[in-house]
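Contents: one structure, followed by commentary.
The values are calculated or read from the model by the stated rules, or taken from the named source; none is laboratory data. Fair warning: this is a prediction, and the values are worked out from it, not measured in the lab. Please note: Cβ atoms are built from the backbone with ideal geometry, for glycine as well, and neighbour counts cover all protein chains shown. Surface areas here come from the heavy atoms of the whole protein model, side chains and all, with no ligands, DNA or RNA. Shrake-Rupley method; radii C 1.70, N 1.55, O 1.52, S 1.80 Å.
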Amino acid sequence: MKYVITISRQYGSGGRFIARELAKRLGIAFYDQDLLTLASEESGMSKSIFENYDEKKDSFFSGIVPAGYGFDMSMGQKVFLAQFDTIRHLAEKESCVIVGRCADYILRDFPNVVTVFVHAPLESRIKRAVEYYNIPEAKAKDRIIKMDKQRKSYYNFYSDKGWARADTYDLCLTSDIGIQESVDAIKTFAERKLKFNLLDKDE
């Protein structure tokens, strides 16, 4: 049985680490930055364009895009639509864990999708930003605020839901319980929602 678990996250919450470990535990594909490469290949647009507009909302047109994308759309909107197609193609062909990029909204009409939001106290996120992203402690808080604002703006622009709002997701949890403990919690919840063993590889 195919299924998808989407992980949305606050910056510095460890959501990406949890998503990667979850995919590893379940033996399924993990998609984060890989989505940019896949969307680039499928759309014909340069990967650098996807990197420049990754999880960012813009309000102006710029750049050159291939046929098939309306010229009344901004470059950011074209990037979103290309990623939209890629995410849906992935969900159709395999079980996977997908990080960010409105995947929960994009797959809202797909069966067997579990949507998760990972958060953590600001102090914990500052510590993680310093330790894992090498951001100076004096600048970590500003970086966190900026990235959360960017992700919220992107999500709320392209969906009709609310980023970080509890009723938007199936499950919200704090990563302060630990990475492996978070993986355990998501796996247990997903199996109860989907009503099958995620480690059963029979299709």
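For this structure, a couple of remarks:
- Peptide packing for 100-110, 141-151 was compared via the average number of neighbouring C-beta atoms within 10 Å per residue; ordered from the highest value, the list is 100-110, 141-151.
- Backbone N atoms of the range 1-43 closer than 18 Å to the 7 Å Cα→Cβ label point of Ile145 belong to residues 10-13.
- For the range 98-125, the residues whose amide N sits under 11 Å from a probe point set 7 Å from the Cα of Asp176 along the beta carbon direction are 120-125.
- Entry comment: accessible area of the chain is 50 Å² per residue, from protein heavy atoms only and a probe of 1.4 Å.
- q = 0.13, 0.24 Å⁻¹, the range 99-203: log10 I(q)/I(0) [Debye, one scatterer per Cα]: -0.59, -1.34
- Accessible surface of the range 1-40 [probe 1.4 Å, protein heavy atoms]: carbon and sulfur percent: 51
- Label assignment, semi-axes √(5λ) of the Cα gyration tensor in Å derived from the structure, set [x] 37, 21, 15; [y] 26, 23, 14; [z] 46, 20, 13: [y]
- Portion, in percent, of the accessible area of the range 110-158 that falls on carbon or sulfur, probe 1.4 Å: 53
- Inter-label distance, Tyr133 to Met73: 2.8 nm, where each label sits 7 Å from its Cα along the C-beta direction.
- Mean residue ellipticity (222 nm) of the chain, computed from DSSP H runs ≥ 4 via -39,500 (n - 2.57), nearest 500: -15500 deg cm²/dmol
- Relative contact order for the chain, counting Cα pairs under 8 Å that sit 6 or more residues apart, in percent: 33
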